[in-house]
Amino acid sequence: MFTNILVAVDGSEISIKTLETALSEAKVWNAKLNVIHILETGLFTDIPADANQTYIRNLLEQQGLNVFSYAEKRCEEEGLNLNTLFGKGHAGIEIIAAATDLHADLIVLGSHGKSDIDTILLGSVSQHVVQHSPVSTLVVRT
């Protein structure tokens, strides 16, 4: 039985599917749902700060906020409690830290992010979470 679910979203199509899966689990278990979006700050560390970097960062933040809006609407429709979290850093590390802080008993995340390039450049967030998570982890495939 799960009472406190954490779902990681990045604004991609698979993250919407992942969110829907987490919503279904939350409804079945009458669990609290926590939605987290992490801005991967590692993307910006080696790039000199300029207007393009600021634009990209703002775009990525907006994608997270858009998913939060969708999650709020869906949770209201389903009568579920929702908590949204916005973090910065390495997504895998931040997801595990949030799960620990929230005392989550299930993490739900997608099998991959926005593109396969993410896996090549950043490493697999889902693989990191599965290997290091202290709680059950559900990986949603496309």
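Since every read-out is calculated from the coordinates, none of them should be taken as a lab result. Note that the structure is predicted; figures quoted are calculated from it, not measured. Positions of Cβ are backbone-derived with ideal geometry, glycine not excepted, and every protein chain shown enters the neighbour counts.
Output wanted: per-residue J couplings in Hz (rounded whole) for the stretch 18-23, from phi through Karplus 6.51 cos²θ - 1.76 cosθ + 1.60, θ = phi - 60°, x for Gly and Pro.
Rounded to whole hertz, the list is 5, 4, 4, 5, 5, 4.
Within 14 Å, Cβ to Cβ, of ASN81, how many net charges do the neighbouring residues add up to if Lys/Arg are +1 and Asp/Glu are -1?
My count for the surroundings of ASN81 gives -2.
In the neighborhood of THR41, defined by Cβ-to-Cβ distances under 10 Å, what is the net charge if each Lys or Arg adds +1 and each Asp or Glu adds -1?
0
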